[in-house]
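Take a look at the structure below.
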Amino acid sequence: MITWVTVWILTVSRVDSNSAYSYQLSYATQALCEKNRSKHVGEYKASRCDFQQIPIYTQKK
């Protein structure tokens, strides 16, 4: 059986004159994502929280 689970993805991007990169972190709730988003801000950083649904396969007993 397939179950759909909602997760929150924090996407952080950093761009300056020498480099550019981005990374993603996943969280169980929007509140956790937003709380940790405040740690990923700065002059060259942008961040955002988006939800995503992922399928989880569970075996029926």
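For the chain, what is the relative contact order in percent, using Cα pairs closer than 8 Å and at least 6 residues apart in sequence?
Contact order relative to length: 49 percent.
For the stretch 15-20, 3J(HN,Hα) computed residue by residue from phi via the Karplus equation (6.51, -1.76, 1.60; θ = phi - 60°) reads 9, 9, 5, 9, 7, 8 Hz, glycine and proline entered as x. Computed as a quarter of the hull surface, the mean projected area of the alpha carbon convex hull for the chain stands at 5.0 nm².
Scalar couplings 3J(HN,Hα) for the stretch 21-33, obtained by applying the Karplus form with A = 6.51, B = -1.76, C = 1.60 to θ = phi - 60°, are 7, 8, 8, 10, 10, 10, 9, 6, 10, 5, 4, 5, 4 Hz; x denotes Gly and Pro. Rounded to the nearest Hz, the phi-derived 3J(HN,Hα) couplings of the stretch 46-61 under the Karplus curve 6.51 cos²θ - 1.76 cosθ + 1.60 (θ = phi - 60°) are 10, 9, 7, 10, 10, 8, 9, 9, 10, x, 10, 8, 10, 8, 6, 8, where x marks glycine and proline. Mean-square fluctuations from a GNM of the chain, with a 10 angstrom spring cutoff on Cα atoms, peak among A31, A20, A46 at A20.
Each reported figure results from applying straightforward, stated rules to the coordinates on display, with no laboratory input. All figures in this text were calculated on a predicted structure; none of them were measured in a lab.
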